[in-house]
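S.K.: Take this structure first; my questions come after.
The values are calculated or read from the model by the stated rules, or taken from the named source; none is laboratory data. Everything numeric here is computed off the predicted structure, so don't read it as measured data. For neighbour counting, all protein chains shown are included, and Cβ atoms are generated from backbone atoms with ideal geometry for every residue, glycine included.
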Amino acid sequence: MVSWSALGRSFGLNLIKNQVKTPYSVQNVSFTTSKALKGSHEHKTFVLQPSRWQWHKFKDMFHFYAMLGLIPVGAIIFYTNVFIGPAQLTPIPEGYEPKHWEYHRHPITRFIARYIHQSPQEDYEKFLHFLDEEKQKQKIRKLEKEIVKKMSERHDYQAYYYKPMINKYHRINKKTGEEMYDRVGDDFKE
C-alpha cells in the first residue's frame with residue numbers, strides 16, 4: 001500500500017508542475033493565477049485575474065462593523081462584569097415592593113428587562129385584554145347566529161339592516177308632511 005500512495009503522490013506532483021509551467025494563452029493574453037507579475041523586458045501580456053474587489057469590500061465592511069459594534073459592546077460587557085459585577089441578594093425592607101427588573105442578578109440583564117422588555121404585569125394585562133376582546137367577539141357571533149335563525153324562522157328579509165335615524169330630520173319631515181296635507185288635502189291625485 002505504501003508504494004501505491006508514493007506513486008499517486010508523485011503523479012499528482014507532476015500534474016501540478018505541468019499546469020504551472022504551461023499557462024493557457026489566447027491572442028497574447030495569458031490566463032494564469034500562479035505566475036508572478038514581472039517587470040521584465042519580455043513581450044508584454046495582460047494577465048487576466050479574478051477581481052479582488054468584492055473580497056476587499058467585504059474586509060473593509062467587516063472591519064468597520066467590528067470596530068463600530070463588537071469592540072464597544074465587548075468593552076461595555078467587560079466593564080460591567082469586572083467593575084460592577086452581579087447583584088448581591090439582600091433582605092427587602094418593610095413596605096418596599098421590588099420592581100420587576102430588580103429580580104435579575106446581572107446588570108446587563110437588569111438593563112434589558114427595565115428599558116427594552118415589558119414587565120410581566122403588562123404582558124399579563126395585555127393577554128387579559130386579548131381574552132376579553134375574543135370573548136366579546138364570541139358573544140357577538142352567537143347573537144348574530146341567533147338573529148339569522150330567528151329571521152329564517154319568521155321568514156323575514158334575507159338580510160337584517162337598520163337605517164340610522166336622527167330625530168331632528170324626522171320632525172322636519174313630519175312637519176312638512178302635515179303642511180302638505182293641510183294645503184292639498186286628503187283627495188290628492190296625480
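S.K.: Using the structure shown, decide if residue 37 is surrounded by 10 or more Cβ atoms within 10 Å (Cβ to Cβ), modelled with pLDDT under 95 and not in a helix (DSSP H, G or I).
M.R.: It is false that residue 37 is surrounded by 10 or more Cβ atoms within 10 Å (Cβ to Cβ), modelled with pLDDT under 95 and not in a helix (DSSP H, G or I).
S.K.: Of all residues in region 72-106, which are surrounded by 10 or more Cβ atoms within 10 Å (Cβ to Cβ), part of a loop (DSSP other than H, G, I, E, B) and of a type in the set (Gly, Ala, Ser)?
M.R.: To start, the set of residues in region 72-106 that are surrounded by 10 or more Cβ atoms within 10 Å (Cβ to Cβ) comprises 72-81, 84-87, 92, 99-106.
This time we only want the ones that are part of a loop (DSSP other than H, G, I, E, B), so: 85-87, 92, 99, 104-106.
Selection gives 85, 87.
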